[in-house]
1. Would you mind listing the strands (runs of 3 or more DSSP E) fully within segment 64-116 where at least 1 residues are among the charged types (D, E, K, R) and open to solvent by 60 Å² or more (accessible area, probe 1.4 Å)?
2. So, in segment 84-116, exactly how many residues are touching a residue at least 60 places away in the same chain (Cβ under 8 Å) and more than 12 Å from the chain's Cα centre (by Cα)?
3. Pull up segment 24-39, narrow it to residues that are surrounded by 16 or more Cβ atoms within 10 Å (Cβ to Cβ) and not aliphatic (A, V, I, L, M), then point me to the one that is farthest from ASN83 (Cα to Cα).
4. Given the options GLY8, GLY42, name the one that is without any contact (Cβ under 8 Å) to a residue 40 or more places away in the chain and open to solvent by 30 Å² or more (accessible area, probe 1.4 Å).
5. Could you please tell me which pairs satisfy a Cβ distance under 7 Å, a separation of 6+ or placement on different chains, a first residue in segment 11-23 that is closer than 29 Å to TYR105 by Cα and open to solvent by 30 Å² or more (accessible area, probe 1.4 Å), and a second residue that is hydroxyl-bearing (Ser, Thr, Tyr) and assigned to a loop (DSSP other than H, G, I, E, B)?
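The values are calculated or read from the model by the stated rules, or taken from the named source; none is laboratory data. Remember, it's a predicted structure, so these values are computed and weren't measured experimentally. All Cβ positions, glycine included, derive from the backbone under ideal geometry; neighbour counts span all protein chains shown. SASA here: full protein model, heavy atoms, side chains in, ligands and nucleic acids out. Shrake-Rupley method; radii C 1.70, N 1.55, O 1.52, S 1.80 Å.
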Amino acid sequence: QVQLVESGGGLVQPGGSLSLSCAASGRISRIHVMGWYRQAPGNQRELVASIHSDGRTTYADSVKGRFAISRDSAKNTVYLQMNSLKSEGTSVYYCNFRPLFDMEYWGEGTLVTVSS
């Protein structure tokens, strides 16, 4: 079992910045991918950014150049720095932990609202 604890959501104005964090605990496999997905009302859940345990990162085209994902391996924590936020970024953001040979895990989600 893996537990994911997310923090950092909230209200931010368009053009502003916000940082999310996700701490993983439990059975953390050496090879895995951690990432952030988001889901707006009426939309499918979509990948925002992910980081492999070897450091490789992946970003959705819509956030490239504005968002940055990073990790603290010692703390099993992944961070998402979101800059230049747009109103379409309003979503529930979910942390995801995907090991190589086991089921994936999801956090409960944290709401990010981009509005003036």
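1. On the way: elements: 67-72, 77-82, 91-99, 110-114.
It comes to 91-99.
2. 14
3. Within segment 24-39, the first condition is being surrounded by 16 or more Cβ atoms within 10 Å (Cβ to Cβ), and the residues that meet it are 24, 32-38.
Narrowing further to those that are not aliphatic (A, V, I, L, M): 32, 35-38.
Values: HIS32: 26, GLY35: 17, TRP36: 15, TYR37: 16, ARG38: 16 Å.
It comes out as HIS32.
4. Answer to the check: GLY42.
5. Short answer, once both residue conditions are applied: LEU11/SER115.
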